[in-house]
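Colleague: Shown below is the structure under consideration.
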Amino acid sequence: MTCGRTNAGRDQTVLRNQAVLWDESISRDKSVSRDKSVPRGDSVPRDKIVVRGLRKYFPVGGTLLDRILGTQPLVKAVDGVGFTIRDGEVFGLLGESGSGKTTVGRVVLGLEPATDGEVLYEGRPITSGLPRSLRRSLQIIFQDPHASLNPAMTIFQGIEHGLLIHSSLNRAERRERVYAIMEKVGLVPPEVLAHAYPSGLSGGQRQRAVIARAMILGPDFVVADEPVSMLDMSIRARILKLLLDLKDEFGLTYLFITHDLATAKLICSHVGVMYLGQLVEVGPARAIFEEPLHPYTRALIQAVPVPDPARARDKALPHGEIPDGIRPPSGCRFHPRCPEPMPECGWEPRDLQDLIDRRLLELAEAQGRTGPAGFDVRMVEDEANHSLMVANKPALLRLIDAERDRETPLGRAIESVEVGQRSVKVRFRKPVPIPDVSIGDRTVRCLRVARD
Amino acid sequence: MNVEAVKIEAVKAEAVKAGARNVEAATVEPSEFGKETVLSARNLSTYYRTKRRVVKACEAVNLDLYRGEVYSLVGESACGKSTLGATLMNLVPDGTEVTGEIVFRGRNVLTLSKEELRRLRGTEIALIFQDPMTRLDPLMTIEKHFVEALQSHEPISRREAALRGARALDAVGVPPSRLRDYPHQFSGGMRQRIMIALALVFEPVLLVSDEATTSLDVVVQAQILHLMRSLKDRYGLAILNITHDLGVVAEISDKVGVMYGGHVVEQGTALEVFHRPAHPYTGGLLNSVVHMGTTQLSWIDGMPPDLGSPPPGCPYADRCDLESAECHRSFPPESRLSATHRVHCHRVAAGLAQGRDAQ
Amino acid sequence: MRVWTRLKDELLTVSGARILIGGAIVLFYAFLAVFAPALAPFDPEELGVGPPLQLPDSTYRFGTTYLGYDLFSRTVYGTRIALTVVFLASTMALLAGVPLGLFSGYLGGWFDRVAVLIMDSVYSFPDLILAVVVAAVLGGGVVNAAIAVSVIYVPQYFRVTRNHTLSVREETFVEAARALGASKLDTIRRYIFPNVSQSIPVILTLNSADAILTLAGLSFLGFGITPPKPFWGLDISQAWRYLTLTKEYPQVWWWTAIPGFAIVVLIIGFTLLGEGLNDILNPQLRDSKR
Ligand SMILES: Nc1ncnc2c1ncn2[C@@H]1O[C@H](COP(=O)(O)OP(=O)(O)OP(=O)(O)O)[C@@H](O)[C@H]1O
Ligand SMILES: Nc1ncnc2c1ncn2[C@@H]1O[C@H](COP(=O)(O)OP(=O)(O)OP(=O)(O)O)[C@@H](O)[C@H]1O
Ligand code: SF4
Ligand code: SF4
Ligand SMILES: [Mg+2]
Ligand SMILES: [Mg+2]
């Protein structure tokens, strides 16, 4: 897809007669015609969306005083994300739950102001909100088809509303367009379904209605936030097909958010893998799926279930779960779960605590009992010094010595151990910044990859 | 869907061959030696009665669960999977008509009193659902959950209950030190583990999981599946796993039942169902899974039947590429392709008969 | 429309029975109010239509008061005043409270904070005292009484609407409206209000029950409805004053009992109706209560 949608729908190869959903003549904002600012290169795909250094922090919890003073803890939902989506691409944003995928999508669409960073649409900055004339060019399809339709509006009213806002079409014209798009997305017969309420439709039909609502405005960039993850498997394939067909027909560009790697592999041309608010690997889908470089990407791909009992196997999964975004791990955010970390990856006091927890578990398992097993887990953390103090010296010292002897990355990251009167002070190496490495048309954020 | 049709042809040919090969085996009663049956259902039907109509959500199901085995029920939405799971524990709403027989370790579940059932469900059968937060009280610590659950079934001190809770948490990989935390302080995956731990304190023999991993993401899901697998090996737990994710099914199942329109239309070992699917629906379902090797999207056209007015014949007839007049008339009989592999499909039955004639 | 189909399904259940009984009672009062001139044998505001303190008999079916008013006529006409005030008060409270709640909840910010502050201070005032103050400032009369009563209820509509708005505002479909580029007003009108409005009939009926009581209290204390207007609370008040002076109770029981009964039954009617509606319109609530 290199041609994309051209002005006023004159490109008949892409927009076959019937398929014109929108041209500038029906727009309310006649003054602002699309694409004026950017001269159109002929065959080189242009940058549709450019995201640079995007950050989004949410204040969460905290006491009333915190709220008044504005010193609430912040969730770093998106913390320095940058990527480029070119015209006609399907860019997949992958990652575990809570990694910030949805937040990226919402900020890109201007539904949420960015804390920092920049979003460009066809070269125009849209970080400070979308101008009204662009609103309809950028649309979104939500994950939950049950929640994203207004229960008090009929399907017709829901789909029509965009036209009411952005066009000066009369009633009959609007109806014609709504019915046309309903047919396009497979909501047939439109005459019947148009007057149903969302509660009267199945999940698949609702998702089609959501798609129709987005498509009727003739967008050229669509954020699809897990558009099929709530759907039944047999409907899933149909909706994916519909999305692909619409893309081909209208020359759309997608930001496709998903945690289903198999789907991403099938339909995305490029992917970005997110972990705890950051992109750890970005590049062409084929290359990444064939040879994932980042340990996290590898782990994700490993974890995908294979629908073949003969090949079901125990996997080397990253242990634990995605940590809290309020105080992300220092250094590489993946280091506590990384299967092959290095001493420089950002070890810190918390990791020692986790180690103690895990060791406790192992001890308990070995001895067939539970409860405290020799550690007093009272700790005093000292962020600034990257050190920690623990009561109960002997057990801790034994543990630390074992780590150092075995030359585990954690053990090697311990810089010094000061044995005090009643406590042990453990100091860790300062984490080094994790570089973004470019390899071919791929970018990977990992120290190990950088070294190799 | 041309590709699919071709594939189904192939599947059918396979099935017929398999059937022919297994004629001998099929006549043997399917009893699994050395395996203890935990639950068996015979000719089980569940009809919901609503004000306007009767929903035949589960119809003439035969099912056996063994110790140390995972049995997975798969199928599209609204095919009656949850209903079957609930019926096995007699957890259906009042006024629902249940016929047939369910024997759980020698007791007929359908004739037990409310109190006996409650005790059974609390202790010997455990249940976990998709959304753990609906089952966890946000105002209670995890410890309190364990204490309340245990004390409602046996006279036991707080301390002892907490200790058993700690042991159960340990078994599912949650640090026992977090016993005093509140549910909201845990992530979704952790909560699901806690639910499993809560189910495990009673050392149940049967664990029923209704879409318990559906809302989790791949890594956590894989972790929980791994956990379930190890539990079944360690404690000889029988697991009934209800899901519509075929990837999950392949990962952990020993047996698979494919449900469609209220019927279990095909069941067998995981290998039989995945490698030699005999029912056209199973084939279509397997084709529609998007997995890492998928190069083209495919699906089954149409929708599952409305169970409020199910068709008289094969429920799949409207969507089946192989359907014949007979399919619209009568529900297909059971064909046994092996001791474990059983299918309801006229085509398969005809193929079997042919194979038998040929011999 | 959807509400109606749901209603039809539910009419045979407990909540259905509540609605039916409550509705019947309220309708009965409405009937009395409409046909009061035909039903009442005497002018309710006319002195001495009968002998003072006449026991109920065939002419004076509910007896007469000390000044010879016919209590039956006053009770029937009292329905008019009661329902008028309730209707006016509820409508005014609703018209002020609901839009304020919608905007306050949706827009947030300083507007919300100021509105909440005002409403909370009004709310924290004891109901009757507030009504008395307003009524004292405005003076007597049906409309003024209605305003006095309505002031109490504005914060209730405001609170319920605002809370509802806050939760609906977070729904994905509201975000979808923003993604379409809908204006704030449009979003409130087409996306928020229809999903918030379900709870309004419930508060409306429940508040009506409360409003009767407040109005009665107000009149009892000598504000709001003033003599010789026929209203139950007023009659009770006068009877009570007379009785405490003369200690003739229980000889003249009818003078307090009948207006009191009229009040109680109407309140029961509104309450049943309100709770029944609540059960049907807010099923989640009902489930969680069990
Ligand atoms: N409005 C908000 N207020 C506070 N925190 C938020 C808000 N929205 C998102 N977050 C937090 O930001 C983080 C990232 O959330 P986000 O929804 O973007 O993740 P996601 O990758 O889309 O996950 P999922 O796969 O579960 O949808 C999470 O920790 C979440 O709790
Ligand atoms: N309590 C009930 N009363 C009436 N009908 C019901 C009830 N529960 C379920 N049904 C109907 O029974 C049929 C089977 O439902 P069930 O929940 O068992 O399906 P399922 O296979 O578990 O689907 P899903 O994958 O969506 O959970 C559906 O048509 C459903 O609408
Ligand atoms: S930088 Fe690379 S090697 Fe180091 S912890 Fe992170 S992912 Fe692992
Ligand atoms: S019985 Fe007939 S309709 Fe049903 S699956 Fe078999 S061939 Fe298809
Ligand atoms: Mg998301
Ligand atoms: Mg279910």
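The values are calculated or read from the model by the stated rules, or taken from the named source; none is laboratory data. Bear in mind the structure is a predicted one, so any value in this text is a computation, not a measurement. When we count neighbours, we look across all protein chains shown, and the Cβ atoms used for this are built from the backbone with ideal geometry, even at glycine. Areas reflect the complete protein model, heavy atoms only, side chains present, ligands, DNA and RNA absent. Shrake-Rupley method; radii C 1.70, N 1.55, O 1.52, S 1.80 Å.
Colleague: Sequence-distant or interchain residues sharing an amide H contact under 5 Å with residue B:260, placed H: which?
Modeller: B:265
Colleague: What per residue convex hull volume, in Å³, comes out for the range C:84-195 when only alpha-carbon positions are used?
Modeller: On the way: hull volume 10.9 nm³, N = 112.
Hull volume normalised by residue count: 97 Å³.
Colleague: In whole Å, how far is the Cα centre of the range A:164-224 from that of the range A:291-355?
Modeller: What the calculation gives is 42 Å, centre to centre.
Colleague: Same structure again: Over the protein assembly as shown, with the other protein chains present, what is the accessible area per residue in square angstrom, probe 1.4 angstrom? Mind dumping the intermediate values first?
Modeller: Values: 47350 Å² over 1101 residues.
Result: 43 Å² of accessible area for each residue.
Colleague: If you roll a 1.4 Å probe over the range A:74-225 with all protein chains in place, what percent of the accessible area is carbon or sulfur?
Modeller: On the way: 2200 of 4630 Å².
That share works out to 47 percent.
Colleague: Between B:191, B:67, B:159, where does the largest GNM mean-square fluctuation fall for chain B, given springs only between Cα atoms within less than 10 Å?
Modeller: The residue with the greatest mean-square fluctuation here is B:159.
Colleague: When the solvent-accessible surface of protein heavy atoms is calculated with a 1.4 angstrom probe, in what order do B:190, B:228 fall, highest first?
Modeller: My answer, sorted largest first, is B:190, B:228.
Colleague: Further question on the same structure: What does the charge count around residue C:225 come to, taking other residues whose C-beta lies under 13 Å from its C-beta (Lys +1, Arg +1, Asp -1, Glu -1)? Present the calculation step by step, with values, prior to reporting the outcome.
Modeller: Numbers: positive: C:74, C:80, C:229; negative: C:45, C:235.
Summing Lys/Arg as +1 and Asp/Glu as -1 gives +1.
Colleague: B plus A alone minus the pair: what accessible area, both sides summed, probe 1.4 Å, in Å² to 100? Intermediate results must be reported in sequence, preceding the final value.
Modeller: Values: alone 16930 and 21620 Å², together 34680 Å².
The B and A chains share an interface burying roughly 3900 Å².
Colleague: Please state, to two decimals, what the Cα-based radius of gyration of the protein assembly as shown comes to when divided by 2.2 N^0.38 Å (N = residues).
Modeller: On the way: Rg = 35.2 Å, N = 1101, 2.2 N^0.38 = 31.5 Å.
After normalising by residue count via 2.2 N^0.38 Å, the value is 1.12.
Colleague: Largest first, what is the accessible-area ranking of A:195, B:226 with a 1.4 Å probe?
Modeller: Correct descending sequence by accessible area is A:195, B:226.
Colleague: Still on this model: Using only alpha carbons, build the gyration tensor for the range C:199-278 and give me the equivalent ellipsoid semi-axes, biggest first, whole Å. Could you put the intermediate results ahead of the total?
Modeller: Numbers: eigenvalues 165, 38, 12 Å².
Over the Cα atoms of the range C:199-278, the ellipsoid semi-axes are 29, 14, 8 Å.
Colleague: Relative contact order (percent) for chain B, with alpha-carbon contacts under 8 angstrom and 6 or more residues of separation?
Modeller: Numbers: 656 pairs, mean separation 90.4, N = 359.
Value for chain B: 25 percent.
Colleague: Could you give each residue of the range A:130-144 its phi-based ³J(HN,Hα) in whole Hz, using Karplus coefficients 6.51, -1.76, 1.60 with θ = phi - 60°, and x for Gly or Pro?
Modeller: Running phi through 6.51 cos²θ - 1.76 cosθ + 1.60 with θ = phi - 60° gives 7, x, 3, 5, 9, 3, 7, 7, 10, 10, 9, 10, 8, 5, 9 Hz.
Colleague: Cβ under 15 Å from residue C:109's Cβ, residue C:109 left aside: what net charge do those residues give with Lys, Arg +1 and Asp, Glu -1? The partial results should precede the final answer.
Modeller: Working: positive: A:67, C:113, C:162, C:169, C:184; negative: C:112.
Spelling it out: positives minus negatives among the neighbours equals +4.
Colleague: Which cross-chain or sequence-distant (5 or more) residues have an amide H under 5 Å from the amide H of residue A:75, H modelled 1.01 Å from N in plane?
Modeller: The answer is A:58, A:60.
Colleague: Ok, one more. Summed for both chains, how many Å² of accessible area, to the nearest 100, are buried between A and C with a 1.4 Å probe? Mind showing how you got there, number by number?
Modeller: Values: alone 21620 and 14720 Å², together 34460 Å².
When A and C are taken together, about 1900 Å² of accessible area is lost.
Colleague: What whole number of Å gives the distance from the Cα centroid of the range A:63-136 to the Cα centroid of the range C:23-90?
Modeller: 67 Å
Colleague: Let me ask something else. Could you let me know the centre-to-centre spacing of the range C:110-149 and the range B:131-191, using Cα atoms, in angstrom?
Modeller: Cα centres, the range C:110-149 to the range B:131-191: 49 Å.
Colleague: Now a separate question. Over chain C, what percent of the accessible surface lies on carbon and sulfur atoms, probe 1.4 Å? Display every interim value, and only then the final one.
Modeller: Working: 9330 of 13640 Å².
For chain C, the apolar C and S fraction of the accessible surface comes to 68 percent.
Colleague: Given the DSSP H assignment, sum -39500 (n - 2.57) over each helix run of at least 4 residues in chain B and divide by its residue total; what's the result at 222 nm in deg cm²/dmol, nearest 500?
Modeller: Numbers: 13 runs with 138 residues, N = 359.
Helix contribution divided over all residues of chain B: -11500 deg cm²/dmol.
Colleague: To continue, here is another question. Got a sec to turn the phi values of the range C:143-148 into Karplus ³J(HN,Hα) couplings, 6.51 cos²θ - 1.76 cosθ + 1.60 with θ = phi - 60°, whole Hz, x for Gly and Pro?
Modeller: In residue order, the calculated couplings are 5, 5, 4, 4, 4, 4 Hz.
Colleague: Also, I was wondering about something else. Around residue A:412, what is the net charge, scoring Lys/Arg as +1 and Asp/Glu as -1 over all other residues with Cβ under 10 Å from its Cβ?
Modeller: On the way: positive: A:404, A:406, A:429; negative: A:344, A:403, A:407, A:415.
Surrounding charge for residue A:412 is -1.
Colleague: In addition: What order do you get for A:73-79, B:317-323 when each peptide is scored by the mean count of other beta carbon atoms within 10 Å, highest first? Numbers along the way, then the final one.
Modeller: Numbers: A:73-79: 21.6, B:317-323: 18.9.
Averaged packing, sorted descending, gives the order A:73-79, B:317-323.
Colleague: So who's got an amide H within less than 5 Å of the one on residue A:141, skipping anything under 5 residues away but keeping other chains? H placed 1.01 Å off N, in plane.
Modeller: Counting only residues 5 or more places away or on other chains, the set is A:223, A:224, A:225.
Colleague: Using +1 at the Cβ of each Lys and Arg and -1 at the Cβ of each Asp and Glu in chain B, identify which of B:320, B:175, B:341 lies farthest towards the dipole's positive end.
Modeller: In chain B, that residue is B:175.
Colleague: Now, a different point. Convert each backbone phi in the range A:97-106 into a coupling constant with the Karplus relation 6.51 cos²θ - 1.76 cosθ + 1.60 (shift: θ = phi - 60°), then list the ³J(HN,Hα) values in order as whole Hz, x for Gly and Pro.
Modeller: Values, residue by residue: 4, x, 7, x, 4, 4, 4, 4, x, 6 Hz.
Colleague: Over all residues in A:131-139, what is the mean tally of Cβ atoms on other chains that come within 10 Å of each residue's Cβ? Provide the component values of the computation, followed by the final result.
Modeller: Values: counts 1, 2, 1, 1, 5, 3, 0, 2, 4.
Mean shielding count: 2.
Colleague: Using a 1.4 Å probe on the protein heavy atoms only, what accessible surface does residue C:34 show? Give it in Å² to the nearest 10.
Modeller: Residue C:34 has an accessible surface of roughly 90 Å² with all protein chains in place.
Colleague: Determine how large the accessible area of residue C:172 is when every protein chain is in place; take a 1.4 Å probe and give Å² rounded to the nearest 10.
Modeller: 40 Å²
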